[in-house]
2 protein chains.
Amino acid sequence: MKVLILGGDGYLGWPTAMYFSSRGHEVTVVDNYYRKIISEATSSEALLDTPSLPVKAKEYKKISGNIINYIIGDLSEYNFTLRVFKEVIPDTIIHYAEQPSAPYSMRGEKEAIETLNNNLNVTLNCILATNSVVPNAHIIKLGTMGEYGTPNIEIEEGWINIEHKGRSEKFLFPRAAGSLYHTTKVLDTDLLWFYVKTFGLRVTDLMQGPVYGFETDEAMSNEKLYPHFHYDDLFGTVINRFITQAVVGVPLTVYGKGGQTRGYLNIKDTLSCVYLAAKAPANKGELRIFNQFTETFSVNELAEMVREASAEIGINVQIQNLVNPRKEAESHFYKPAHTGLFELGLKPHLLDNKTLIQMIKWISAKVDYIDKQKILPRTAWNKL
Amino acid sequence: MKVLILGGDGYLGWPTAMYFSSRGHEVTVVDNYYRKIISEATSSEALLDTPSLPVKAKEYKKISGNIINYIIGDLSEYNFTLRVFKEVIPDTIIHYAEQPSAPYSMRGEKEAIETLNNNLNVTLNCILATNSVVPNAHIIKLGTMGEYGTPNIEIEEGWINIEHKGRSEKFLFPRAAGSLYHTTKVLDTDLLWFYVKTFGLRVTDLMQGPVYGFETDEAMSNEKLYPHFHYDDLFGTVINRFITQAVVGVPLTVYGKGGQTRGYLNIKDTLSCVYLAAKAPANKGELRIFNQFTETFSVNELAEMVREASAEIGINVQIQNLVNPRKEAESHFYKPAHTGLFELGLKPHLLDNKTLIQMIKWISAKVDYIDKQKILPRTAWNKL
């Protein structure tokens, strides 16, 4: 495959690049360090100061012998995007190039406008450039399980058949997201669906749950090749945050009652899922949707698991219920389908004590770099 | 009411301004002449070269004694929008400020990017400025019946209760639009719904069908106060186009088989609907949706009605089926609900021979200004 990864410096973008490259595929990554810039601008630096793409590509070549191409630039500019597509002529496009933080998108007017414009323009540019340059290429787009919210009915895999007054129709499963960030992903799906119908593009939209972990086989324990690990309230996902809180000795910050339930997955499974989707592309004119997670947990369950794993290695962990800065149901029905990726061959890495303890130990070695100021929520949904 | 009309120079914006003003309300309109600029840039000038807002406001004051305030500027810029809201402190915001042409949005990459950015940014800015300056104000947003597309089930008024595997939930009626323009309106609805939930805004989203006509009572037959009348393939709505084609002696351009069915309304009814919605605002935290049309017709039925009305005054009209430049079902089930606005008191002006003949006569007097080059479709959905 000739793979173009949009957002190739991100938490998932860079590990994906190495994953495909190490399996013999030609990989080009594109990024403008936008996430890095806004995380620094909001005092939300990652735990490790990971190097720039040229350095990572060099390090990776040293240990693997493989070349990952990189292009630095802003994919929300169409002319740049078009130039990249013409240069690379990809057959597979993996689109991660979005502002990825829900709290950042709710921080203020500026951040809301930035998130909407970045995310929607990159998606539209990706669609238009694909149609113009490589109309048969397969777009793999990272969506989020958060697009669905927490409806009172079972969540199907992207689509639903609705029977209504004696007639029936197949629709996109109705979306109802809980942050502007998640809403931009809903809009992405709407946009993709319209253009798939109109241009006959082939698209896989992956509704992914929160990801945890940082270690992937391809990094071969070279920390320069690890992805950005965020533990702060803006860019840190909940499991990564809890483990850091355990290590640094502050209570785990459960927002509200903690009954919020989501589907989670290990970063290694993200890589497998994207790879499985790429190996079996969607058909022309198909918007294929998979729900990408391996198991569901409530926030309380996660906090309890982190407490237990910590206790096993002698760390005593407190759990603290904070006033929820978000607007979300704190106890709700949740039953999302997720069979598609398993049918493609996904062998999941489930969340167990061993995994948690490995993460806790790795972060313990970096404890001096953790800034406790970054842990408590700094953004409330109703303030803006 | 203190009314702020976004897009106040448009086909519906200016008549709405006069309608509210003549009923004793304080009206400010905002526009940057974007539609006028892009219609000129695409050789799609309106039939009459209507004057700028300052001139229209003067003419209107002369005949009515009422003042309509105007502010010229780009509402896709947040700082400008915020300044307008702070200056006006509206209690009612009517948002028409969008790129309104489906074919324009499908013309090329530039136009697609422009449409997405203009429409989404104005909507987001309107939401953020309302929340920041006048959180209790009522936003009336013009959506489109085209958001729903033509599903195989009855279209409800904005929302649907879905029973699924023994449980039930109320959702936004699933949208599936047929052009990028219509898709931006779907995205608007998604955005509005998210922020209504989050900020507790009060919003009425009007899913409007194609509008016809140009004469409204408030213009008092002063043609300088008429809205832009477009008969071209880009900005002209179908009834306005057909009447012009009848007058100029070219065949009525039916796209494809002509079974495409939509809900239509007279421009006078648009004004009543918006006024009725404004007088009975949505509740705090409510996204109220009305389907805004008075009757449904297929394109073939409309062509036949225009042919009959023309025949009555001695004009012989041909009908021509063109290869459809759009991607749409040409014969389909269509049963949309539209009771909400009638319950608020709408007294519709239905489409009859008399109305058609009045329009035909008025346009006949302008026949010299009609440019036949603008009539045939210049944009195909699958080209871009």
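So here's what we get for this one:
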quantity: 5 angstrom amide H check on B:I155, placed H, neighbours 5+ away; calculated: B:K335, B:A337
quantity: 24 Å Cα-Cα reach of A:K86 towards lysines, excluding residues that sit fewer than 8 places from it in its own chain; calculated: A:K2, A:K141, A:K197, A:K279, A:K284, B:K110, B:K383
quantity: Ratio of Rg to Rh over segment A:115-195 (Cα coordinates, Kirkwood Rh, two decimals); calculated: 1.03
quantity: Average Cα contact separation per residue, chain B, under 8 Å, 6 or more apart, as relative contact order %; calculated: 20 percent
quantity: Calculated label separations, B:R23, copies of the chain, 7 Å along the beta-carbon direction, nm; calculated: 6.2
quantity: Gaussian network model of chain A, Cα within-10 Å springs - most flexible of A:K268, A:K36, A:K170; calculated: A:K170
quantity: FRET efficiency, A:A337 to B:W159 (Cβ-Cβ, R0 22 Å, nearest 0.05); calculated: 0.40
quantity: Karplus 3J(HN,Hα) series, Hz, for segment B:370-376 with 6.51 cos²θ - 1.76 cosθ + 1.60 (x for Gly, Pro); calculated: 7, 9, 5, 4, 8, 8, 6
quantity: Integer Hz, Karplus 6.51/-1.76/1.60 couplings in order for segment A:347-364, x for Gly and Pro; calculated: 10, x, 9, 7, 7, 10, 3, 4, 4, 4, 5, 4, 5, 4, 5, 5, 6, 4
quantity: Rule-of-thumb Rg ratio for chain A [Cα; 2.2 N^0.38 Å; N residues]; calculated: 0.95
quantity: Alpha carbon centroid spacing (whole Å) that separates segment A:23-45 from segment B:199-271; calculated: 47 Å
quantity: Most mobile listed residue (A:G146, A:G258, A:G166) in chain A, GNM with C-alpha springs under 10 Å; calculated: A:G166
quantity: Least to most buried among A:M359, A:M305 (fewest other Cβ within 10 Å first); calculated: A:M305, A:M359
quantity: Calculated from backbone phi, Karplus (6.51, -1.76, 1.60) coupling profile of segment A:177-187 in Hz, x at Gly/Pro; calculated: 7, x, 8, 5, 3, 5, 5, 4, 6, 4, 4
quantity: Shielding score for B:197-208, defined as the mean number of other chain Cβ atoms within 10 Å; calculated: 2
quantity: Cα centroid of segment B:335-384 to Cα centroid of segment A:69-118, whole Å; calculated: 40 Å
quantity: Virtual spin-label span in nm between A:R167 and B:S52, 7 Å along Cα→Cβ; calculated: 4.9 nm
quantity: Nonlocal amide H pairs with A:Y255, under 5 Å, H built at 1.01 Å; calculated: A:L322
quantity: Eligible aspartates and glutamates near B:K374 by straight Cα distance, threshold 12 Å, same-chain separation 8 or greater; calculated: B:E40, B:E45, B:D232, B:D233
quantity: Max mean-square fluctuation residue, GNM over chain A, Cα-Cα springs under 10 Å, options A:H182, A:H25, A:H164; calculated: A:H164
quantity: Other copies of A:G259: label-to-label distances in nm, shortest first, labels 7 Å along the beta-carbon direction; calculated: 5.0
quantity: B:K327 long-range amide H proximity, modeled H, under 5 Å; calculated: B:W381
quantity: Cβ neighbours within 10 Å from other chains - mean over A:164-176; calculated: 6
quantity: Mean separation of Cα contacts under 8 Å (6+ apart) over length of segment B:215-321, as relative contact order %; calculated: 35 percent
quantity: Hydrodynamic radius (Kirkwood) for segment A:31-135, which is based on Cα pairs only, to one decimal in Å; calculated: 15.4 Å
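Taken together, the values in this text are just the output of simple stated rules run on the coordinates, not laboratory data. Not measured: the values here are computed from a predicted model. Here Cβ is always computed from backbone atoms with ideal geometry, including for glycine, and neighbour counts include all displayed protein chains.
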